[in-house]
Structures are given as C-alpha cells and as structure tokens.
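Structure record follows, encoded as structure tokens.
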Amino acid sequence: MEEETQTQVVRSKRSLVVFSAVVCSALAVAVGVATLSTTSPAEAAARRRFARQTTTTTAKPKAPTTSSSVKPTTATTVKTTAPSPSTSVKAPVAPGSTSSTVPAPKSTSSSNQVLFGAATEENNSGTLNQLASFEAHAGKKAALYGMYKSFYWDPNFPTAEATTVRTHGSIPMITWEPFNPSNGVNQPEYALSTITAGKYDTMIRNWANQIKAFGSPVWLRFAHEMNSDWYPWAEGVNGNAPGSYVAAYRHVHAVFANAGVTNVKWVWNPNVVMDGIGSSLTSLYPGDAYVDMVGIDGYNWGASTSWGTWQTPASVFGQTMTQVRAITKKGIVIGETSSTEAGGNKATWIKDYFSWMKANTDIKAFIWFNISKETDWRIESSSAAQAAFASALSDPTFIAG
C-alpha cells in the first residue's frame, strides 16, 4: 500500500484523503527477484506507502551505485544469522488462533480458491466509486479491499469506512502502520521497544474493542514490510534491536487476544526479499500461533525506472515464496502487486500472473494495486491490459465478494 534512508529512491505510491484535512504523499514498493543478487539498493529504497502527511519531508534520493542497478557486494543471500523468535523473544501471552472464527468468504467449486481484492486511490475518502468502476472493468466484485492506517493519524478503528466496505460486499484488509508518516525512518517515539513496553496499549485496546464491536471480518497487516530499512519498525533502524519486531508483533496480538477479539485474521506481510536489505524472514516470523496468513508485496517495475528490468511473476515472488514455505505452511496472500506497461507486454504479464497464482495452490488471496502513480499500475492503463485482467479473473478459481 513515506520516508527514506540513505539508500532510498523516494516515490509516491498512493494518495489518501482525510475528511478534515488534505493529506498526501508517499512512497512505494521495490520488487524482489528470483535471485537476490539482482536487486539494487535503489530499487529496495523505492518502497513506500500511503503516507498521510501535511508536509512533504522526503529527502533527495540517492542514485544507484552502478549502471546495472546491482549493489556492489559479495553477499548474494539475505542474512540468516539474526536470533530466532523462539529464542530471542518471550511471548507476552499465549493466544488462541483466530483463523477458525473468521467467517469464510463466498466459495466456488474450484479446488483452489483465491480471493480477489483491490486497492484504489480513494482509500479513506468514505466512498468506493473508484472501486466500483474498477470492478466493472474487471468483471467481478472485490472480496477484499486494501486500506492503510497509522498510529499517528488513526487513534481509532475506522468503523465508518469499514462499514462502507462491508456494505459494498468486501472485507477490509487494513495495513496498520506504527508511526507518523511525516517524520521519516528515525522516530524514537515509535521504536518497537515502546510498543512492547505498552506505550500504545490504550490505543491498541481501543482498536481491539472497536473491531470486536464491528463484528465482521477484518484482515489486519500490522507493521508490514518489516524486512526492510525504510520503515521505523524495521530492525536495524530507529534503535530497533534483533528480536524486537517479533516482541512488538506478539504484544499487539496479545492485546487483541486479551480483549476477546475473534473476527481478525492476522496477516504477517514482508516485502519480497532483497539483497543485503533487512533481517531474515526466519528471524522476523512471530510463529504460527500469531499468524493466520502470510502476505507478500511485490511489483514488476519493468522500464518505468532507471534501475528497473522486466520481471516475470515467478521472478518477482519466487525467492520469497521459497523462504516463506520453509518457515510455515500458512496460506499466502499477495498483499500488493501490479505491473507497469513500460518495458514489456503488460497484458501478457497479467495473463502469466493469474496462471502463476493457479499453479501455486498455497496462494489464497491477492490485492491488485489499481492506482496510477510513478507508473500506471491500473488495469485501465491500456485496453489490452484491462481485457487480459477481466479474462483471467473470470476463471472460477478467483472468488468475488
């Protein structure tokens, strides 16, 4: 679905509208590849999200260090020496699994069912006109709708917006970001240790009780893309020590469990893995008792950037899928994805993407990022792309809302 480090290429990714103020700016997603050594620091740093902020605080981006956009390093794998969650972090509470209590979406006779979802630029506006237009072009109603909220801007669960999504026939999937989107990666007030110590428990408990009162399913992506260095909740930045992410995640989960919330599906959602960036997925995984689904974010940037290259769906997600499967057998959600038109055939990429999802039967849902930003990620970027998406989505494997 904001801030930068010394390796970041800043990009706006989504616009958010807040009822009482103009809000804005953000940054997007760096795509990972099947071989980690082909991902540049510039690409990694291009990852940003739906920041709602009143001023622009981003710094001048740093250019890639080589013409091929590959970080000059001898390391070809993501580090795996960080402490394991099981040894470095004590669980605050032994929670119960919530996966069995979330009502199942509509199903089909297909042996492998994949929920279809979308994110549109009207997130936070209180209307879903863009989503309805997208659905008309796609030929199905979205079963999931991506929403983005932060600790700073959203002290309460967005009940009214979630109700609008529910009335529309979709399930809200909320990316819950513990930071102030305006203030960069160094935000000591949002260090992971402050979350674990209970600084935000009142707000977290409010969210838990309000979601419980909402009563309908909510998918929650807390502190996504944690295997990075561009968010204040990543380990290795903002004073966050190894093991602190798992401790904070488990703490938030425990607050919900203690409040008796049973209608949340917890989505642990890293970015596609990148060479030399972030902690290993193994060290960041909270454990199966705290996770209902595993999300993965990844995009085909093609020639839309100076460092980009055209990638197949398998090359975008393959390495990360392999690592995730070695950690857990939980179902997989593609939390954010799309393709550019630049540098290849987007219609063909879309067709291949749906075929790739069908071939990977542990994929249970996906969110299409249908917004025109640094490149036109929408299916409406061309008539060929739209037709390819509608044709592929018509397969009964992909479930409507």
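Read-outs: derived from the displayed coordinates by stated rules, not from any lab. Bear in mind the structure is a predicted one, so any value in this text is a computation, not a measurement.
Dividing the mean sequence gap of close Cα pairs (under 8 Å, 6+ apart) by how many residues the range 85-399 holds gives a relative contact order of 22 percent.
For the range 85-399, rounded, prolate or oblate, judged on the Cα gyration tensor with a ≥ b ≥ c (square roots of eigenvalues), a/c < 1.5 rounded, else prolate if a/b > b/c? Prolate, because a/c is 1.5 or more and a/b exceeds b/c. Taking the DSSP bridge list for the range 85-399 and keeping only pairs wholly inside it, about 5 percent are antiparallel. The spacing between the range 200-265 and the range 312-364, judged by their C-alpha centroids, is 26 Å.
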